[in-house]
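To start, the structure under review is shown below, and the notes come after it.
The values are calculated or read from the model by the stated rules, or taken from the named source; none is laboratory data. Since this is a predicted model, take the numbers as computed values, not measurements. Backbone-built Cβ (ideal geometry, glycine too); neighbour counts: all protein chains shown.
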Amino acid sequence: MQFTSERRLDDGVLEREFTLDEIPGILWTPASASAPVPLILLGHPGGVHRMYPRLADRARHSAAEGFASATIELPGSGDRPRSDVAEQARADLRRALAAGEPVGDEIVDRLVLPLVEQAVPEWRAVLDALLALPGIGGPVGYSGGVIAIGTRLAAVEPRIAAAILFAGSFVPRATFEEARQVTIPLHVLLQWDDEGNDRQAALDLFDAFGSEEKTLHANMGGHTGVPKFEGDAAAQFLTRHLK
């Protein structure tokens, strides 16, 4: 892991950009800590610089609770090389949505599954490097989307102790089977009127999760209308399971 920039935010949080095998990312750590701190992996739909204000806000709130946070750029997003297969699937998705047609499983599989196959090993490699840093000791949580990536990580990565999943993206068929293998505590956020999300698929996925402790928080509104009070509920969930 190579750090490429470093700065202190106005609340003292240390923000460092890094690369690992050409995977760019950002690490935020609390201003001060007397012992190694837990780590939260911040998921998102891609485009770190586009998403930066929201990611940094989530990281700063987590730092106030005593957590480090990290995110990486997804394959095919930002300055990373594009995939012709993914670009074609994305174009087919836009055409279906513009025509008011249902988005078929075949389009969703072509768009999401290759992303999951590449992103999850990258997240695990970055996690290896982050946990080797002084000041970061786990346990580890995951918070965000894409929900298929979060589900796969929760199923295969034993170092993740709890996860907050954002139900705001299309769900491949294979993800439902993977969800049955997830046993860690889950906190799932669903926007009831999310224009880019299949509500019933999100509800079916929640039902499929094998976790004994799983909570669904559903709120009225579109994709970006998550109420601010949900941030408090998420913080309480992470504090309960990572401290």
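Quick rundown of the values:
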| quantity | calculated |
| --- | --- |
| Top-ranked residue in the range 198-222 [being closer than 27 Å to residue 240 by Cβ and part of a loop (DSSP other than H, G, I, E, B); ranked as modelled with the lowest pLDDT] | 221 |
| Only listed residue being within 15 Å of the chain's Cα centre (by Cα) and either surrounded by fewer than 22 Cβ atoms within 10 Å (Cβ to Cβ) or in contact (Cβ under 8 Å) with a residue 60 or more places away in the chain (or both), chosen from 208, 148, 162 | 162 |
| Residue in the range 112-127 that is hydrophobic (A, V, I, L, M, F, W, C) and exposed (fewer than 13 other Cβ atoms within 10 Å of the Cβ) present | no |
| Pairs with Cβ under 8 Å, 6+ apart, first in the range 192-203 and touching a residue at least 24 places away in the same chain (Cβ under 8 Å), second assigned to a helix (DSSP H, G or I) and buried (at least 20 other Cβ atoms within 10 Å of the Cβ) | 202/147 |
| Verdict on residue 30 being under 24 Å from residue 149 (Cβ atoms) and surrounded by 17 or more Cβ atoms within 10 Å (Cβ to Cβ) | no |
| Within the range 165-180, considering residues that are more than 12 Å from the chain's Cα centre (by Cα) and closer than 22 Å to residue 126 by Cβ, the one surrounded by the most Cβ atoms within 10 Å (Cβ to Cβ) | 175 |
| Filter result for residue 231 (surrounded by fewer than 15 Cβ atoms within 10 Å (Cβ to Cβ), in contact with a Lys or Arg (Cβ under 9 Å, 6 or more places away or on another chain) and closer than 23 Å to residue 153 by Cα) | yes |
| Top-ranked residue of the range 83-93 - restricted to ones that are closer than 19 Å to residue 201 by Cβ and under 23 Å from the mean Cα position of the chain (by Cα), ranked as surrounded by the most Cβ atoms within 10 Å (Cβ to Cβ) | 89 |
| Any hit, the range 212-226, residues being closer than 15 Å to residue 147 by Cβ, in contact (Cβ under 8 Å) with a residue 24 or more places away in the chain and of a type in the set (Lys, Arg) | yes |
| In the range 72-97, residue nearest to residue 7 (Cα to Cα) [restricted to those that are modelled with pLDDT of 95 or more and touching a Gly at 6+ places or on another chain (Cβ under 6 Å)] | 72 |
| Selection status of residue 153, farther than 30 Å from residue 3 by Cα, touching a Gly at 6+ places or on another chain (Cβ under 9 Å) and surrounded by 22 or more Cβ atoms within 10 Å (Cβ to Cβ) | no |
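Table: residues versus (1) within 26 Å of residue 128 (Cβ to Cβ); (2) without any contact (Cβ under 8 Å) to a residue 60 or more places away in the chain.
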{"residue": "2", "(1), (2)": "yes, yes"}
{"residue": "15", "(1), (2)": "yes, yes"}
{"residue": "34", "(1), (2)": "yes, yes"}
{"residue": "52", "(1), (2)": "yes, yes"}
{"residue": "64", "(1), (2)": "no, yes"}
{"residue": "108", "(1), (2)": "no, no"}
